[in-house]
1. DSSP loop trypsin sites (Lys or Arg not before Pro) in the stretch 90-187 with at most 10 other Cβ atoms within 10 Å of their Cβ, which ones?
2. Taking only Cα atoms and a 10 Å spring cutoff, compute GNM fluctuations for the chain and point out the largest among S81, S128, S100.
3. Only helices at least 20 Å long along their axis, Cα-based, and averaging -1.0 or more on Kyte-Doolittle count here, so list those DSSP H runs from the chain.
4. Around Y61, what is the net charge, scoring Lys/Arg as +1 and Asp/Glu as -1 over all other residues with Cβ under 9 Å from its Cβ?
5. In nm, to one decimal, how far is the modelled label at L160 from the one at K31, with both set 7 Å along Cα→Cβ?
6. Just from its helices, what would the mean residue ellipticity at 222 nm be for the chain, if runs of 4 or more DSSP H residues each count -39500 (n - 2.57) and the sum is divided by every residue, rounded to the nearest 500 deg cm²/dmol?
7. Total Lys pairs in the chain closer than 28 Å by alpha-carbon, pairs eight or more apart in sequence or interchain only?
8. State the extension gain, in nm to one decimal, for the chain segment bounded by F82 and I104, taking 0.36 nm per residue of separation less the distance between their alpha-carbons.
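The values are calculated or read from the model by the stated rules, or taken from the named source; none is laboratory data. What you see is a predicted model, and the numbers here were worked out from it, not measured in a lab. Note: ideal-geometry Cβ built from the backbone for every residue, glycine included; neighbour counts use all protein chains shown. Please note that ligands, DNA and RNA were not included when accessible areas were found on the heavy atoms of the full protein model with its side chains. Shrake-Rupley method; radii C 1.70, N 1.55, O 1.52, S 1.80 Å.
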Amino acid sequence: MERRRAYKYYDLVMASFVTVLLCANIIGAEKVVNIYGFSFGAGVLFFPISYIFNDVLTEVYGYARSRKVIWAGFGALIFASFMSWFVRKLPPDPNWPYQSAYDIVFGQTPRIVIASITAFWAGEFTNSFVLAKMKLLTRGRFLWTRTIGSTIAGEAVDSLIFYPVAFYGFWTNELLLKVMIANYAIKVGWEAVITPVTYKFVNFLKRAENEDYYDWDTDFNPFKVQV
């Protein structure tokens, strides 16, 4: 029977995951930056943090509890997208001159919204599934192989869904491929660089929660929300 118990930090990690996810998609999604001649979307500097939280959740609490958090993030993205659309459509006060600027910042097309939400869902579940399975295969050793390996898989699925769905036909195939590869490399690189921090976070939670979950008997169905 599945163990049910209270955790000290699970809810806090869940809230942090959803916060990073929303901020990366709302605040950083539209701005393209150029650093040392290299152009990329600002959101890719922060979106990979959600994968780090997913790694931590799966490693410490198990796939089923990570699955619950992914669905929470999925619902938050849908609500944020709906709210952005609804607020933009409300008639502005005649004395408020910023509607056009507001539309630019929050006016993602339905195609981009669908691409973002779908890619997030598929990528995060891939990440969590791969990490949980790798933990069983490695018997809990070599954490770095799981955090980096799962991110390589999850971000690949995310990128292969998001960029073609969002931009195919609007961008040239050359540009689409260039941006997809560049942003994918940044996201995976972030995971590798921050691995020592992930180690500290995971070790702290395992001690504090007295938990190091192994998904031996877990139902990996992504549509089963209950733990």
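1. Values: sites: R111, K133, K135, R139, R141, R146, K178, K187; in loops: R139, R141.
Passing sites in the stretch 90-187 are R139, R141.
2. With Cα springs under 10 Å in the chain, the top fluctuation among S81, S128, S100 is at S100.
3. Working: long enough: 10-26 (24 Å, 1.74); 63-89 (39 Å, 0.51); 110-138 (42 Å, 0.86); 143-167 (35 Å, 0.83); 173-193 (30 Å, 0.76); 195-209 (21 Å, -0.27).
Correct list, ordered by number: 10-26, 63-89, 110-138, 143-167, 173-193, 195-209.
4. Details: positive: R65; negative: E59, E209, E211.
Result for the local shell: -2.
5. In this crude spin-label approximation the distance works out to 3.2 nm.
6. Values: 8 runs with 156 residues, N = 227.
Here the helix-only value at 222 nm equals -23500 deg cm²/dmol.
7. Taking the Cα cut-off of 28 Å, the pair count is 27.
8. Working: separation 22, 0.36 × 22 = 7.92 nm, distance 1.60 nm.
This chain segment gains 6.3 nm when fully extended.
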